[in-house]
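Structure first, commentary second.
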Amino acid sequence: MTSDMRRAKRISVELPVTVYLFDNKRKTRIGDALPGLIKDFSPLGAAMSVATIMLEGRHLFYTCSDNPDIVLELSFELSAYPDKIITVPATPVWFDRDLESDKTQFDVGLKFLANAKSPEIKILSQEACKDEKKLVSLWKRLF
C-alpha cells in the first residue's frame, strides 16, 4: 500500500494551460506550444494532462531530466483578467499514460519552481480555487 507523500493538499480542477519547453540558459522557448489541462493543483505543484509527451521530437519529462537548464514554462490565461497571462516555471517529476482516457493522453506530475508565496502562485491559486473556503483550507495546510 502506498501513502500519499505530498507536502500540500491538492484540489481537483480543470484549468487550461499552454506548455513550452524553456531554456533557462538562453532565456528562450524551444519549439511550439502544447495545450494541456491542469487536473489537480496545489501551491507547490500540479498534475497535468496532455495529448502527447513529445514536443517536436523532445520528450517533456526526459528533456528536463537530462538537462537542468531546460524547464517547462506553464502559461495560464486568467478568466477574471482575459488580457493577463501568468507564467510559472515547473519541472516534471513523473509521467504516465492515462489508460482510463478513450484517447491517447499522458499525465505529468509537476513541481512548481516559483515560490509558493509568489504573486504568480497566489493568483493561480485564486484562479484554480473559486471556492473561498477551499482556498483558505488549501493555504492553511501548506503554511
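Quick notes on this one:
- Full-stretch length increase - LEU99, ASP83 - with 0.36 nm per residue and alpha-carbon distance subtracted: 2.2 nm
- Restricting the GluC sites (Glu not before Pro) of the range 1-108 to loop positions (DSSP other than H, G, I, E, B) with no more than 12 neighbouring Cβ atoms within 10 Å leaves GLU56, GLU100.
- Long-range HN-HN contacts of ASP98 with modeled amide H, under 5 Å: GLN105, PHE106, ASP107
- With 21 Å as the limit on Cα-Cα distance, the pairs of LYS9/LYS122; LYS25/LYS84; LYS9/LYS111; LYS39/LYS103; LYS9/LYS117 that go past it are LYS25/LYS84.
Values in this text are rule-based calculations from the coordinates and carry no lab data. Everything numeric here is computed off the predicted structure, so don't read it as measured data. Because the Cβ atoms are built from the backbone with ideal geometry, glycine has one as well, and the counts that use them run over all protein chains shown.
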